[in-house]
Structures are given as structure tokens and as C-alpha cells.
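One structure is given here, and the rest of the page talks about it.
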Amino acid sequence: MLHHEILKDKLIIFYHSKNKSLPIDGWIHNCFICETISSKLEKYDNSQDIYSIVCKDCKNEFINKKHAEIESYIKDFNL
């Protein structure tokens, strides 16, 4: 399930699995693509203010691409 938070004028959209032991508040979350625990922020689709948490292994798959799930989340929450 996707969630978001605002940190230093950056909108951070992250994946959070309820069955994991990670707290929803904090700087470590699941990678958007593979669910590995990560804290690395990557710009979403060259945006200056929208980021997502992506692990080092999925970084190349994520950068400069649109993801339907994120687009839908942004639209649903009017972000």
C-alpha cells in the first residue's frame, strides 16, 4: 500500500506493507519496486519535489519512468 509524507518541502511516496515490522513513521521503508528495506530517495519522473523510496538494485528500473500506481496515488490524493 502506498503512503506519503512531506519532508523538507519534498513529497515522498513510499510503499508500506502491513505485514512487515517497519513502522509507518520513519526514514526506512520498503522499496517501491521489490519491497526490500531501503532509505534511498529517488526523484519521480524528473520531478523536483516528488520522490519515492527505491533500493540501489531497482534504481535504474525506476528513474525517469512513470508508474501507474504512483500516478493514480497522486491523482487520488490531489498531490
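Starting from residues that are in contact with a strand residue (DSSP E or B) (Cβ under 8 Å, 6 or more places away or on another chain) and surrounded by fewer than 16 Cβ atoms within 10 Å (Cβ to Cβ), keep the ones in region 44-59 and report whichever is nearest to residue 25 (Cα to Cα). It would help to see each step written out before you state the result.
Going residue by residue through region 44-59, those that are in contact with a strand residue (DSSP E or B) (Cβ under 8 Å, 6 or more places away or on another chain) are 44, 49-56, 59.
Still in the running and surrounded by fewer than 16 Cβ atoms within 10 Å (Cβ to Cβ): 49, 56, 59.
Working: 49: 20, 56: 21, 59: 23 Å.
For region 44-59, the residue satisfying everything is 49.
For region 7-50, enumerate the residues that are modelled with pLDDT of 90 or more and of a type in the set (Gly, Ala, Ser). Hits for region 7-50 are 38, 39. Given the condition surrounded by 13 or more Cβ atoms within 10 Å (Cβ to Cβ), in contact (Cβ under 8 Å) with a residue 12 or more places away in the chain and in contact with a His (Cβ under 8 Å, 6 or more places away or on another chain), answer yes or no: does some residue in region 60-74 qualify? Yes - at least one qualifying residue is present in region 60-74.
The values are calculated or read from the model by the stated rules, or taken from the named source; none is laboratory data. This structure is a prediction, so every number in the text was calculated from the model and none was measured. Neighbour counts run over all protein chains shown; Cβ positions are idealised from the backbone, glycine included.
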